[in-house]
């Protein structure tokens, strides 16, 4: 899956003042990423506020991105949840032909056992007509998918080709990279850890900050993939302050505040999330100015 090596970005869903999806702003964000070096686009992930997007809105968002992208970059679609039957139903009733893979989040709230996680993802992969990327994000799901479970799925299920690992655990990354099947991809979901993950043998990132700092972050990832540690670390040092800021309150409020200051979309989010505070916006503005120096 060469299409998934490098920098993917978890696209935001811009909103208008009336709360509706801002498709013009979404197209701007997509075009900005295509023009500046993103390798692939991820639709309807955590950063896209997928849990507060309706079925009809999701379909319209997909069409806006497909139309804007016009076949230029590979696309990944987020389809996941804590109801296995509902995930399977969505997979079977979605046209997956425009996408290279499905990103499927680990079940949340229910707190299944490791065997439950294994059986869930096996059923999801069996139902999907395209490859599946596991998405482990225990900070949101309250349940870590242990390395043994991930590796078992990687070995047993041909249609599971990668993990987006977002547990913020260097040790878990190390175990996965050292023990994974050769063709299984370990993709970082932690912007602050990704460079070290790539230097250890990871395949890249599905990034939040990448959709704003496209050139810098993409260049850093590709330096890392080529083993050019010094050049990559120089960029990492430059972008790290802003990475910390965008997650200070909540995601995607932080990244939307950045995108607003770049003139790409408004900073609006849907309840129960709220927009970044004025204090955070000021710190983000300062960090952006420092990046340009």
- Message: Calculate the FRET efficiency for residue 289 and residue 31 from the Cβ-Cβ distance with a Förster distance of 22 Å, rounded to the nearest 0.05.
- Response: 0.35
- Query: Fully extended, how many nm does the chain gain between residue 168 and residue 24 (0.36 nm per residue separation, minus their Cα-Cα distance)?
  - Reply: 48.5 nm
- Most mobile of 146, 171, 49 in a GNM of the chain (Cα contacts under 10 Å): 171
- Item | Linear extension gain, residue 111 paired with residue 273, 0.36 nm per residue minus alpha-carbon span | 56.0 nm
- Message: Let me check against my output: what whole-number percent is the relative contact order of the chain, with C-alpha pairs under 8 Å and at least 6 apart?
- Response: 18 percent
- Item | Cα gyration tensor shape for the stretch 2-228, rounded if a/c is under 1.5, else prolate or oblate | oblate
- Query: What is the distance in Å between the Cα centres of the stretch 6-51 and the stretch 161-232?
  - Reply: 21 Å
- Note on the structure: Looks like the stretch 138-231, by Cα gyration tensor root eigenvalues a ≥ b ≥ c and the a/c under 1.5 rounded cutoff (else prolate when a/b is bigger than b/c, oblate otherwise), is prolate
- Dividing the mean separation of Cα pairs under 8 Å (6+ apart) by the residue count of the stretch 212-284 yields a relative contact order in percent of 25 percent
- Query: FRET efficiency for residue 155 and residue 231, Cβ-Cβ distance as r, R0 = 41 Å, nearest 0.05?
  - Reply: 0.70
- Item | Gain on full stretching of the segment that runs from residue 119 to residue 140 - 0.36 nm per residue minus C-alpha separation | 5.5 nm
- Note on the structure: Taking the alpha-carbon centre of each part, the distance from the stretch 72-123 to the stretch 246-277 in Å is 26 Å
- Mind giving me the nanometre distance, one decimal, between the label points for residue 52 and residue 82, set 7 Å out from Cα along Cα→Cβ? 1.8 nm
- Find the relative contact order for the stretch 153-203 and round it to a whole percent, using C-alpha pairs within less than 8 Å whose residues are 6+ positions apart. 39 percent
- Go ahead and estimate [θ] at 222 nm for the chain from helices alone: -39,500 (n - 2.57) per DSSP H run with n ≥ 4, summed, over the residue count, rounded to 500. -14500 deg cm²/dmol
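Taken together, the values in this text are just the output of simple stated rules run on the coordinates, not laboratory data. Since we're looking at a predicted model, the values are computed, not measured. Reconstructed Cβ throughout: ideal geometry from the backbone, glycine too, with neighbour counts over all protein chains shown.
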